[in-house]
1. Could you look through the range A:215-236, keep only residues that are touching a residue at least 40 places away in the same chain (Cβ under 8 Å) and more than 10 Å from every other protein chain (Cβ to nearest Cβ), and pick out the one that is surrounded by the fewest Cβ atoms within 10 Å (Cβ to Cβ)?
2. Are any residues in the range B:297-335 among the charged types (D, E, K, R) and either in contact (Cβ under 8 Å) with a residue 12 or more places away in the chain or touching a strand residue (DSSP E or B) at 6+ places or on another chain (Cβ under 9 Å) (or both), and if so, which ones?
3. Here is a list: B:Ser137, B:Ser131. Which entry is on the phi < 0 side of the Ramachandran plot, under 17 Å from the mean Cα position of the chain (by Cα) and surrounded by fewer than 18 Cβ atoms within 10 Å (Cβ to Cβ)?
4. Quick check on my filter: what residues within the range A:238-269 are more than 7 Å from chain B (Cβ to nearest Cβ) and under 17 Å from the mean Cα position of the chain (by Cα)?
5. Got a sec? Which of A:Gln9, A:Gln102 is over 17 Å from the mean Cα position of the chain (by Cα), farther than 23 Å from A:Pro172 by Cβ, polar (S, T, N, Q) and within 14 Å of chain B (Cβ to nearest Cβ)?
6. Name the single residue, out of those in the range B:199-217 being surrounded by 15 or more Cβ atoms within 10 Å (Cβ to Cβ) and of a type in the set (D, E, K, R), that is farthest from B:Gln128 (Cα to Cα).
7. Quick check on the range A:59-87: of everything there that is touching a Lys or Arg at 6+ places or on another chain (Cβ under 7 Å) and assigned to a loop (DSSP other than H, G, I, E, B), which residue is farthest from A:Val261 (Cα to Cα)?
Amino acid sequence: MDFQLSDDQRALRTGIRELLAGRFGRDRMRAALDGGTGIDRALWRELGEAGFFALRLPEAAGGVGLGLPESVLLFEEVGRSLLPGPLIATHLAAGAVKGAAQGEAVIAALDAGRPVGHLGDADGLLVLGAGYAGSGAGPGSGSGAGSGAWDAPGPADGILRDVVGIREAAEPVRSLDPFTPLWRVTGRVGAVAHLPGGALRAEGALLAAAEQLGSAARTTEMAVQHAGEREQFGSPIGSFQAVKHLCAGMLVRTELARGAVYAAAVTADRVEIAGAKLLADDAAVRNARDCLQVHGGMGFTWEADVHLHLKRAWLRSGQWLTAATAEEVLAADLC
Amino acid sequence: MDLAYTEEEEEFRARLREWLAAVLPALPAKPGPDDWPGRRAYDTAWQRMLYDAGYAGLHWPVDAGGRGATPTQHLIFLEETEKAGAPYVGANFVGLLHAGPTIAAEGTAVQRARWLPPVLRGDEIWCQGFSEPDAGSDLASLRTRAVRDGDDYVVSGQKIWTSHAEVADWCELLVRTDPAAPKHRGISWLAMRMDVPGVTVRPLRTLAGSTEFAEMFLDEVRIPVTHRVGAENDGWRVTMVTLSFERGTAFVGEVVACRRTLAALAAEARANGRWDDPVLRRRLGGLNAEFRALWRLTQWNVSEAQRSGGVPGTGGSVFKLRYSQARQELYEAAAEVLGADGADLDREWVLDRLSSLSYTIAAGTSQIQRNIVAERILGLPKGR
């Protein structure tokens, strides 16, 4: 057993981090925030060329030929950098939708009963209809002890290529997360082309957990850096035990989530994925809140990046797999 | 990143399982919690069985009489013995996981030959004389004094929270040999026989009603200078070597045990109808995530130790913080499952609930662990 990153995986992580720092560093991130948050098509294509979306497609199909663990490392870096866009849905649709793998197409996720992010830019939709506890959509839904087969493919799961009609009927929602414009979609979604495999929700939940992990690690670093620099009472605030203990708690949450997320990536087990999403959501949300607290008054301003991490973490917590469903899946596993 | 075990590791697991299945049914009944002579006999008999089968000191270096097993093999050993319901290390804890590794790492050839084999065979039991009434979390403030007199140290002072003191043969003792030096610099590590004149042991009763540990009074106890491990006044460094072992893999078996308890709680909740309460059910689901992740974190830390040559890293503090809290939450959930029976001390888990209160205190309080994480891992400035 060697449950550590391999040399190749370390190199991959470094490469992605450097690529994102170069293409979506803090200045560009803030510029995107101020200048409207539509998808930057040029950047999207660059990501496509770098293999973001084709990472798991076989090399024979023009992909990179890597696996779920590598995708998790990629999305961890996405979470660190606050890179916006329906990256997970496009990644999952690569190979099934023309242009997705190359970054030519933007594929958003439509999850029954939830607002749709980036609908205005979408060239296609990944439809997650069935098996969603509490959504009231399709067979297999429901709540309570059984929890249903939350990750099983349902008759309504698939790809929708024609988004024009849906977009026209949708209403914009004033989004909590300034990087994720949202639309409310009402009524029934029409015919969809089915995707093979059917582990869409589980894989989406895992990749969202990886983003949360990256965000949790980043806010820990931000808090530690601030606590080491900011002086009050003649000392860096990080020398005070109250602040120190907040930071230590952040690292503990991050590392527990890391163990869960990486293990789920290796096993691809649905219960492990549910645990990973639950713990990573917790780490991302609570770490962002603690980071905000450590930043004091500055943390409450638009200028600090902390609120962007918190808002995205809140949004992701409600996407792909909620805490309520995850806990039911984990409870059912005990029986 | 791989969670699969190698063929060699799986073979080790298979042989161990086979052996456990053969020997465990013949074990005598477990003695009661306050029957210390009985517990000593039980624990040392189990140690002897491990020794005869070649499983004693699995993680010790070969030149110290151990098997030099990899951290992963040690992990498998702890996992399988717990799963099979084998006895816990018990009274051998200090000898096997603390004093033994310290003597193996820092002792002379003579000291290793004298003290290590009896620990592995289960012939001698050790206890730990570190904490004092005024030196708990601030261990370096200890005041027990050792004054050189010819070939002996003459030791006087008081120790506390000494587990297994009533039945121990030896005590790993931290004493102050230079009162004038800065507090971390004037400490030495001594091995003390428990039956020499001047040693008085008084059991302490815990809030759970048991006599888990004792206080120990030392009145001009003579300890040969040859029983000092490491240089005079270098005992603090020697101790830090030991503590990193304590926080490394000390809790592996307990995580496995907690996962078993959680499954039993779910079964009990289904039997008594509490499972229909979605709040409780979801809480148990959340604990499932916790203990699964703690197991993965253990595998992560063990893999890291294996890559770095067997030295446990500071990840132990990260693990202990979350584990000690999760274990307390597990027994809070148990009380919820038991409902009115949660007041019955004879029901399973009620005593465990009381015992679990010590986890955030023992082996370094959670507050001390957070300081360690903040200062040594995150690099925040030291407090004043």
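Here, each number is a calculation from the coordinates, and none is a lab measurement. Just so it is clear, the model here is predicted, and its values are computed rather than measured. A quick note on method: Cβ atoms are made from the backbone with ideal geometry, for glycine too, and the neighbour counts reach across all protein chains shown.
1. Only one residue fits best here, namely A:Arg230.
2. Listed by number, the residues that qualify are B:Arg307, B:Lys320, B:Arg322, B:Arg327, B:Glu329, B:Glu332.
3. Just a single option satisfies the conditions, and that option is B:Ser137.
4. A:Thr254, A:Ala257, A:Arg258, A:Val261, A:Ala264, A:Ala265, A:Ala268
5. Answer to the check: A:Gln9.
6. B:Glu212
7. Top of the filtered list is A:Gly63.
Quick grid of which residues meet (1) surrounded by 14 or more Cβ atoms within 10 Å (Cβ to Cβ); (2) under 25 Å from B:Glu212 (Cβ atoms):
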residue: B:Glu7; (1), (2): no, no
residue: B:Ala29; (1), (2): no, yes
residue: B:Leu58; (1), (2): yes, no
residue: B:His74; (1), (2): yes, no
residue: B:Gly85; (1), (2): no, yes
residue: B:Tyr88; (1), (2): yes, yes
residue: B:Ala104; (1), (2): yes, no
residue: B:Gly107; (1), (2): yes, no
residue: B:Arg112; (1), (2): yes, no
